[in-house]
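Before any comments, here is the structure.
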Amino acid sequence: MRQWVFNLWRAAGSAEQEAQLTADHLIGANLAGHDSHGVGMVAPYVRSLQADELQLNQSISVVTDAESLLVVDGNRGIGQSMAYQTMELAVERARRNGVVIVGLRNTHHIGRVGHWAEQAIAAGFASIHFTNVVSRPIVAPHGGRQSRFGTNPLTVGLPRRNAPPILLDFASSAIAVGKVRVAYNRKGPAPAGVLIDHEGNPTTNPAVMYEEPMGALLTAAGHKGYALAMVCDLLGSALFGGNTSHPPRLRVPGLYNNMLAIVFDPSRFGAGEHFEQEAKAFIDYVQSAKRVDADTPIEVPGDAERRYRVQRAQALPLDTGTLRTLDEAALAINKLRGSALPPASSLIAH
């Protein structure tokens, strides 16, 4: 599957590194258990390419450079490359100055934001990310029954020297819309308590997000998720020149992100040993609580992704609906570029 996704973007016109970054990122999301941000995103990306919204082989442009404060423009480039370039620059500046704040604006969908925190972690840096989504509104404000903004995630990565890192990465909506897409492709129900129909009534039918009349996602934790979504839209975009999700900014089928990332070297605080001791003691204490289910461990942020990577090391579970969208994407690229990419379903062991 990784090779097939790479081949698709090469056939679409991406340079080798861009195709590889995109394939690695999408497969990596599936491996981490986030099917919402995995290969199921290929079809929406291809539709965006067909509509001339997604631009291939772009480089970030530095708009503002105040050394430890940067604004870069993604030029509507494929987000897996634009965010990678942005984080490479952020890590270099954080290494030099101890900290950097960088605003990435006007980039196509950057996928699973935890991936970019992991890029910082791999270099030994902590990071905080506020991200907004500019596309068709899909989340209703608290107290509302019409969608008005995107899933706007918050992400935090904390490296540890001799233990797995802490990685917080969640949407401000009740669940990521991609998880609803997975349920829709599987022709199964969405979880209870996360969707409303066009009249504002609770529903578990995922079709309300993809068929008229359209419904909406709810925010996580009611008014708290709503407030976080508002902050992500403004702090994660408008503050440094990015667009928020309101008409006439909305561009469909384009799927755009803006992201504010704070990347810093935790060793500069001079409390590295204290942090390691406190983190271990605190986590040990939290996990010592009596469990609701004796067979279900108390996990810390990042454990779920590590668990999924072990479970999925040999194979990815792909439903027939997702495979169908991949085959349709291959046909679209073949028609657009005159290529001969085989359908993904021909490569899959059922």
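Each reported figure results from applying straightforward, stated rules to the coordinates on display, with no laboratory input. Remember, it's a predicted structure, so these values are computed and weren't measured experimentally. Methodologically, a virtual Cβ is constructed for each residue, glycine included, from the backbone with ideal geometry; neighbour enumeration extends over all protein chains shown.
Details
- Quotient of the Cα radius of gyration of the stretch 127-200 and 2.2 N^0.38 Å, N being its number of residues: 1.36.
- Most mobile of ALA19, ALA29, ALA221 in a GNM of the chain (Cα contacts under 10 Å): ALA221
- Projecting label points 7 angstrom from Cα along Cα→Cβ for VAL63 and ARG291 puts them 4.8 nm apart.
- Computed extension length for ALA221-GLN17: 69.5 nm, one decimal, from 0.36 nm per residue of separation with the Cα-Cα distance subtracted.
- If you plug the beta carbon distance of ARG324 and ASP303 into 1/(1 + (r/R0)^6) with R0 = 30 Å, you get a FRET efficiency near 0.35.
- For the residues ARG337, ARG95, ARG47, a GNM of the chain with alpha-carbon springs under 10 Å puts the largest fluctuation on ARG337.
- Debye-sum result for the chain in log10 I(q)/I(0), which assumes one identical scatterer on each alpha carbon, at q = 0.09 Å⁻¹: -0.50
- Extension gain for ALA122 to ALA279 (0.36 nm times residue separation, less C-alpha to C-alpha distance): 54.7 nm.
- Note on the stretch 174-218: Cα-Cα pairs beyond 14 Å make up 34% of the total pair count.
- Positive-end ranking of TYR184, LEU154, ALA227 along the dipole of the chain, with charges on Cβ about the Cα centre, is headed by TYR184.
- Value of [θ]222 nm, deg cm²/dmol, for the chain, DSSP H segments ≥ 4, -39500 (n - 2.57) each, nearest 500: -12000 deg cm²/dmol
- Label point distance in nm, ALA315-ALA51, each placed 7 Å from Cα along Cα→Cβ: 3.6
- Length gained on full extension, ASN334 to ARG268: 18.6 nm, using 0.36 nm per residue less the C-alpha separation.
- Most fluctuating residue given options VAL139, VAL310, VAL72, as computed from a GNM of the chain linking Cα atoms under 10 Å: VAL310
- Space enclosed by the convex hull of the alpha-carbon atoms of the stretch 156-249, per residue, Å³: 148
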